[in-house]
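My structure is below; once you've seen it, I'll send some questions.
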């Protein structure tokens with residue numbers, strides 16, 4: 001009986017030690033909470049492609065408030081501009097959920113540089129928080145005949161999109177990626193006709209003209225099929 005109790009005690013001790021050495025995969029924990037990508041690119045009007053599809057210019061994602069939001073790091077970005085060599089960035093090379101992507105495109109006339117074996121490390125948080133102003137394409141001033149205080153009617157559009165990370169375009173311009181929750185209510189549009197498109201690799205593309213009515217709220221569902 002004593003021997004049995006002794007062996008049970010030894011097995012419990014070994015099990016406790018093994019539990020203490022168990023490692024949680026931090027990548028899984030990070031990806032679950034999502035990823036933010038701030039882009040500091042030269043030239044800052046370079047086109048940005050997410051998994052092969054155009055989503056906008058680099059300066060549109062150049063501040064923490066306008067960072068590209070993704071569900072995980074399992075994505076690829078391509079930076080392109082005429083007269084420069086394109087640059088491919090695999091976000092899996094980064095370990096942080098808050099990524100500041102610093103990249104400078106090389107001129108096509110410049111000699112090709114050796115490929116870097118590792119992605120550049122994120123910049124310190126202090127630089128991340130700095131405001132950013134686009135240098136290549138500054139925002140145009142408001143028209144003189146339409147003051148900034150003029151009011152217009154806006155309809156709150158509630159979008160329900162599936163699956164997550166679906167790229168949504170409105171009138172051909174990238175609007176954003178579907179969140180993990182699948183629903184967003186922060187879109188306000190003047191009443192009228194709009195073209196909504198949605199893409200995600202492995203799914204049939206969605207394209208539809210939608211008339212946004214003059215009312216307080218409007219719901220639109222976009223569900224992609226495999």
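The values are calculated or read from the model by the stated rules, or taken from the named source; none is laboratory data. Since this is a predicted model, take the numbers as computed values, not measurements. Glycine also receives a Cβ, built like all others from the backbone with ideal geometry; neighbour counts cover every protein chain displayed.
Only residues that are closer than 26 Å to residue 226 by Cβ and in a loop (DSSP other than H, G, I, E, B): list them for the stretch 163-191, please.
163, 164, 165, 166, 172, 178, 179, 180, 181, 182
Looking at 203, 174, 199, which one is in contact with a helix residue (DSSP H, G or I) (Cβ under 9 Å, 6 or more places away or on another chain) and modelled with pLDDT of 70 or more?
From the options 203, 174, 199, the qualifying one is 174.
Would you check if residue 182 is surrounded by fewer than 11 Cβ atoms within 10 Å (Cβ to Cβ) and modelled with pLDDT of 55 or more?
no
So, one more: Being touching a strand residue (DSSP E or B) at 6+ places or on another chain (Cβ under 7 Å) and either surrounded by fewer than 19 Cβ atoms within 10 Å (Cβ to Cβ) or part of a helix (DSSP H, G or I) (or both) is the filter here, so list the residues in the stretch 68-80 that pass it.
Residues satisfying the conditions are 69, 75, 76, 78, 80.
Hey, another quick one. Among the residues in the stretch 48-60, are any modelled with pLDDT under 85, out of contact with any strand residue (DSSP E or B) (no Cβ under 6 Å at 6 or more places or on another chain) and closer than 26 Å to residue 202 by Cβ?
Yes, there is a match, as at least one residue in the stretch 48-60 is modelled with pLDDT under 85, out of contact with any strand residue (DSSP E or B) (no Cβ under 6 Å at 6 or more places or on another chain) and closer than 26 Å to residue 202 by Cβ.
Something else about it: Starting from residues that are modelled with pLDDT of 90 or more and assigned to a loop (DSSP other than H, G, I, E, B), keep the ones in the stretch 98-114 and report whichever is farthest from residue 65 (Cα to Cα).
106
So residue 187 clears everything in (1) modelled with pLDDT under 90; (2) surrounded by fewer than 16 Cβ atoms within 10 Å (Cβ to Cβ) except one condition, right? Which one?
Every condition holds for residue 187 apart from (2).
For the list (1) touching a helix residue (DSSP H, G or I) at 6+ places or on another chain (Cβ under 6 Å); (2) assigned to a helix (DSSP H, G or I), I need the number of the one condition that residue 65 fails.
(1)
Each row is one residue, and each column tells you yes or no for (1) modelled with pLDDT of 85 or more; (2) buried (at least 17 other Cβ atoms within 10 Å of the Cβ); (3) part of a strand (DSSP E or B).
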| position | (1), (2), (3) |
| --- | --- |
| 96 | yes, no, no |
| 116 | no, no, no |
| 133 | no, no, no |
| 149 | no, no, no |
| 157 | yes, yes, yes |
| 161 | yes, yes, yes |
| 193 | yes, no, yes |
